[in-house]
Each structure stands twice: as structure tokens, then as C-alpha cells.
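The values are calculated or read from the model by the stated rules, or taken from the named source; none is laboratory data. Note that the coordinates shown come from a computational prediction; the quantities given were computed from them, not determined experimentally. Here Cβ is always computed from backbone atoms with ideal geometry, including for glycine, and neighbour counts include all displayed protein chains.
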Amino acid sequence: MVSEKISCVWGCKFEVGDYVVAQTYYRKWGKSNQSYVYLEHSNITYIDVHLVQVITFPMTPQDHQVKGDDPIYKLF
């Protein structure tokens with residue numbers, strides 16, 4: 001629950017008392033709809049809890065990395 005008004009760097013705004021999930025971000029990578037890069041050093045993103053559909057899902061590391069050594073994961 002948010003204890004003060006906040007604005008996320010991605011443009012989302014939240015009021016005191018809103019329930020949010022805060023986490024780092026995965027970005028789609030390449031042509032596959034199953035390849036994602038974990039943006040470990042990116043800003044924290046916030047989302048309203050009512051928009052969350054899944055919290056845990058299998059993503060396995062792949063054998064290669066992108067520039068900057070960010071690992072690529074496959075979403076099953």
C-alpha cells in the first residue's frame with residue numbers, strides 16, 4: 001500500500017492508500033514472443049494490483065546475453 005503520492009518513471013501515478021506491485025522490468029527481445037531481457041539496472045516500475053494476472057511463471061536463462069551482459073530469458 002502506498003503511503004505517499006508517487007509517480008513512476010514509466011508515467012503511472014498513485015495516491016495514498018493505493019495497492020501496487022513494485023518490481024524491475026523484463027523487455028521483449030528479438031523476434032520471438034518468448035525471449036525477454038531482464039533489465040536488472042532499470043528503474044523500479046509500479047503497477048496497480050488489480051492489473052496483475054500472474055506473479056510467478058517459469059523463465060529460464062538462455063545461453064547468450066545482450067550488450068551490457070544482461071541475460072536473456074525464455075518464457076514458457
Within the range 48-56, is there a residue that is in a strand (DSSP E or B) and either at pLDDT below 85 or surrounded by 14 or more Cβ atoms within 10 Å (Cβ to Cβ) (or both)? no
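Does His64 qualify as being under 30 Å from Ser3 (Cα atoms), of a type outside the set (S, T, N, Q), without any contact (Cβ under 8 Å) to a residue 40 or more places away in the chain and not in a loop (DSSP other than H, G, I, E, B)? Even if it seems obvious, please write down each step before you answer.
On the way: under 30 Å from Ser3 (Cα atoms): no; of a type outside the set (S, T, N, Q): yes; without any contact (Cβ under 8 Å) to a residue 40 or more places away in the chain: yes; not in a loop (DSSP other than H, G, I, E, B): yes.
Spelling it out, it is not the case that His64 is under 30 Å from Ser3 (Cα atoms), of a type outside the set (S, T, N, Q), without any contact (Cβ under 8 Å) to a residue 40 or more places away in the chain and not in a loop (DSSP other than H, G, I, E, B).
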Of all residues in the range 27-52, count the ones that are more than 13 Å from the chain's Cα centre (by Cα) and over 26 Å from Lys5 (Cβ atoms). 7
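Just wondering, is there one or more residues in the range 10-17 that are modelled with pLDDT under 80, in contact with a Ser or Thr (Cβ under 7 Å, 6 or more places away or on another chain) and surrounded by 10 or more Cβ atoms within 10 Å (Cβ to Cβ)? Spell out how you get there, then give the answer.
Initial filter on the range 10-17 (modelled with pLDDT under 80): 10.
Remaining after also requiring in contact with a Ser or Thr (Cβ under 7 Å, 6 or more places away or on another chain): 10.
Right, trim to surrounded by 10 or more Cβ atoms within 10 Å (Cβ to Cβ) and you get 10.
Within the range 10-17, one or more residues are modelled with pLDDT under 80, in contact with a Ser or Thr (Cβ under 7 Å, 6 or more places away or on another chain) and surrounded by 10 or more Cβ atoms within 10 Å (Cβ to Cβ).
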Selected residue (criterion: nearest to Val9 (Cα to Cα)) from residues of the range 25-47 that are touching a strand residue (DSSP E or B) at 6+ places or on another chain (Cβ under 6 Å) and not in a strand (DSSP E or B): Ile44
Applying the selection to the range 57-76, what residues are surrounded by 11 or more Cβ atoms within 10 Å (Cβ to Cβ) and either within 13 Å of the chain's Cα centre (by Cα) or not basic (Lys, Arg) (or both)? Met59, Pro61, Gln62, Gln65, Val66, Asp70, Pro71, Ile72, Tyr73, Leu75
Filtering the range 57-76 for residues that are among the basic types (Lys, Arg) and at pLDDT below 80 leaves a count of 1
